[in-house]
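The values are calculated or read from the model by the stated rules, or taken from the named source; none is laboratory data. Worth saying up front: this structure is predicted, and the values here are computed from it rather than measured. Cβ coordinates were reconstructed from backbone atoms using ideal geometry, including for glycine residues, and neighbour counts include every protein chain displayed.
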Amino acid sequence: MTARPPAPVAPPTAHAFSIHALFPLLAAAIWGGMYVVSKWSFAELPPVTMGLARMLLGGFACWLLVRQTGRGGYQREDRGRFVRLGLVVCGTIVTQFVGTDLATAAEGALLTTTTPAFVVLLAWLLLREVPTIRTVGGTVLAFAGALVVVGGQSGLQGLFASGTFWGSLLLLTAAAAWALVTVLGKPLVARYGALPAMTYACLWSLPFFLPVLLWEVSRRPVPVPSLGGLLAILYLGLASTALAWYLWYKGLEGLPAGVVAVFFFAQPVVGGILAWLLLGERLGAAFLAGGGVIASGILLAARE
């Protein structure tokens, strides 16, 4: 695929900085309910099958938008970058969904919030984005708040327990893989924009699902999904993938990768609020205190 090189992106102004900060925050808000939907849907569809359905739907929806905007295609020399990015995307989805299936909700909520630490490290190593004191301080502060939120809701004593050890390990791997998706995608976002970059990342991930899917199907037959299963696929494909990934990469257009990553910590807060609104779960003092600490960490890093 070929495309004309896009015009260089101007450095963000202070106003643009604040606008770009909204994009990853909205993405994290959407992802806040993803683990509940994912774990519930695995009762019907196996995790790799659900992950592939998510990427097919999300990738196709974004491809239609790219075609409508006339921004399709990329330079030949970037094909290898998109293929590598697609491989990492596949690894992210597989480890995330299989890990979620094997672990507890608390483990999923907490271990995925290690992603910002991986992003700061990888952005430093691969993009030469030297982390600032505000970025590191905001990341540490927000992670401390996440510990308080998750610990207050579900407890932390079950982390890496014998029954969920492999699920916890896969979730930690997924956190590192998503950090790599963020860092590898930033140069492509700068060159092509958020929508084309995430679209081709999704599409190039699809071939890599095939061997894992064949292994899963041989062990666990895939039933015809119910209406609830289809709705879960729609949510994961259109909201959690097409919309949220676009918003995440949109944030990378104007912010350093390490700053964007800090907004990841909003997920457990949004998840707790949704559980309160939809499931009637009680929000205790730990949730309120931890949420305040997370917000402080995000604001500290976002002011960078």
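At a glance:
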{"item": "Residue list for segment 67-106, restricted to those being part of a loop (DSSP other than H, G, I, E, B) and touching a residue at least 60 places away in the same chain (Cβ under 8 Å)", "result": "Arg71, Gly72, Gly73, Tyr74, Gln75, Ala103, Thr104"}
{"item": "Of the criteria (1) surrounded by fewer than 21 Cβ atoms within 10 Å (Cβ to Cβ); (2) at pLDDT 90 or above, which one Val181 fails", "result": "(1)"}
{"item": "Answer residue from segment 184-225, given it is under 28 Å from Phe265 (Cα atoms) and among the charged types (D, E, K, R) and is surrounded by the most Cβ atoms within 10 Å (Cβ to Cβ) among those", "result": "Lys186"}
{"item": "Among the candidates Leu111, Leu122, Leu87, residue that is at pLDDT 90 or above and either crowded, with 23+ Cβ neighbours inside 10 Å or more than 25 Å from Met50 (Cβ to Cβ) (or both)", "result": "Leu122"}
{"item": "Residue match in segment 119-137 (condition: within 25 Å of Pro187 (Cβ to Cβ) and of a type in the set (S, T, N, Q))", "result": "yes"}
{"item": "Helices (runs of 4 or more DSSP H) (entirely within segment 236-288) containing at least 1 residues that are without any contact (Cβ under 8 Å) to a residue 24 or more places away in the chain, farther than 28 Å from Leu57 by Cα and in contact with a Phe, Trp or Tyr (Cβ under 9 Å, 6 or more places away or on another chain)", "result": "266-279"}
